[in-house]
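Everything on this sheet refers to the single structure shown next.
The values are calculated or read from the model by the stated rules, or taken from the named source; none is laboratory data. Quantities reported herein were computed from a predicted structural model and do not represent experimental measurements. A quick note on method: Cβ atoms are made from the backbone with ideal geometry, for glycine too, and the neighbour counts reach across all protein chains shown.
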Amino acid sequence: MTAPPDIRIAMWSGPRNVSTALMRSFGNRDDSLVIDEPFYAHYLRQTGLDHPGREEVLTHQDNDWQRVAQTLHAPLPAGVSVFYQKHMSHHLLPNMGREWLRGLRHGFLLRDPADMLRSLEQKLTDIRPEDTGLPQQVEIFDRVRESDGQTPPVIDAADLLENPQAVLSALCHRLGIAFKDSMLRWSPGPRTTDGVWAKYWYEQVERSSGFLRSEVARSEFTPGELPPPLAAVERTVRPMYDYLRAHALRAVPS
């Protein structure tokens with residue numbers, strides 16, 4: 001019997017977009033391998049940003065983007081046919097080549113920028129539009145659509161949290177893989193595949209055993225307008241979100 005072809009999925013997200021929960025979902029498949037933000041160290045080294053756990057990340061993760069990109073195309077272990085790559089889109093810096101994007105199946109995970117910014121300000125200060133990942137998501141989306149001749153799949157975190165099975169089924173359909181019920185539930189706790197930054201960012205997902213409904217996920221935020229600096233960022237990136245949101249999957253095509 002011929003082995004199924006390897007499917008390498010580059011899922012592009014901004015921060016605080018339930019991207020780790022989605023990584024948990026794919027990591028719970030019996031045919032999959034996952035990798036967590038492989039370009040984070042390169043991003044921190046190049047930008048000099050003072051993120052939580054910066055020195056640990058630089059010590060424990062390869063910060064040469066070219067070597068890292070090669071690993072994303074390396075042969076997969078026996079029994080693995082799906083390689084799920086959780087990417088933060090803002091980690092794709094201008095100095096990095098784009099050739100390695102070929103040969104991957106690309107998907108995009110969005111979150112309403114107001115909700116994203118309220119969550120992100122709990123971790124970072126001096127947030128800029130590029131820190132949301134939306135400018136880079138638009139660049140990658142347009143590049144992939146032009147090179148592949150078709151629109152890559154987009155999902156919105158609100159839709160995913162509201163109806164995980166429908167949205168995941170639609171995503172898997174577009175990526176050319178079978179949906180598995182195991183993607184809906186997982187055991188709480190950390191994973192060996194989590195980056196060393198997990199203790200600074202993953203408190204909520206480590207307590208989870210599945211996708212939370214949107215009203216629960218948003219209950220952490222205080223209602224009201226964003227502070228002026230964040231409101232300015234939100235106004236800048238809102239059109240980018242709306243542009244990508246217009247392509248968001250809702251259900252499996254008939």
Just give me the residues in segment 143-169 being within 17 Å of the chain's Cα centre (by Cα) and either surrounded by fewer than 18 Cβ atoms within 10 Å (Cβ to Cβ) or of a type in the set (Gly, Ala, Ser) (or both), in sequence order.
157, 158
Can you pull out the helices (runs of 4 or more DSSP H) entirely within segment 42-159 that have at least 2 residues that are within 21 Å of residue 241 (Cα to Cα) and of a type in the set (Ser, Thr, Tyr)?
none
Only one residue in 39, 26 is in contact (Cβ under 8 Å) with a residue 24 or more places away in the chain, farther than 21 Å from residue 181 by Cα and buried (at least 17 other Cβ atoms within 10 Å of the Cβ), so which one is that?
39
Top-ranked residue of segment 68-84 - restricted to ones that are among the hydrophobic types (A, V, I, L, M, F, W, C) and out of contact with any Asp or Glu (no Cβ under 6 Å at 6 or more places or on another chain), ranked as surrounded by the most Cβ atoms within 10 Å (Cβ to Cβ):
83
Across segment 167-186, what is the number of residues that are free of Cβ contacts under 8 Å to residues at least 40 places away in the same chain and in contact with a Phe, Trp or Tyr (Cβ under 7 Å, 6 or more places away or on another chain)?
1
Scanning segment 210-248 for residues that are at pLDDT 95 or above and assigned to a loop (DSSP other than H, G, I, E, B), which turns out surrounded by the fewest Cβ atoms within 10 Å (Cβ to Cβ)?
246
Residue 97: more than 17 Å from the chain's Cα centre (by Cα), surrounded by fewer than 18 Cβ atoms within 10 Å (Cβ to Cβ) and at positive phi, yes or no?
no
State yes or no: is residue 134 buried (at least 20 other Cβ atoms within 10 Å of the Cβ), hydrophobic (A, V, I, L, M, F, W, C) and within 26 Å of residue 48 (Cα to Cα)?
yes
Of all residues in segment 170-202, which are assigned to a loop (DSSP other than H, G, I, E, B), buried (at least 17 other Cβ atoms within 10 Å of the Cβ) and small (Gly, Ala, Ser)?
195
Please work out which one of (1) crowded, with 21+ Cβ neighbours inside 10 Å; (2) without any contact (Cβ under 8 Å) to a residue 40 or more places away in the chain; (3) hydroxyl-bearing (Ser, Thr, Tyr) is the condition residue 125 fails and give its number.
(1)
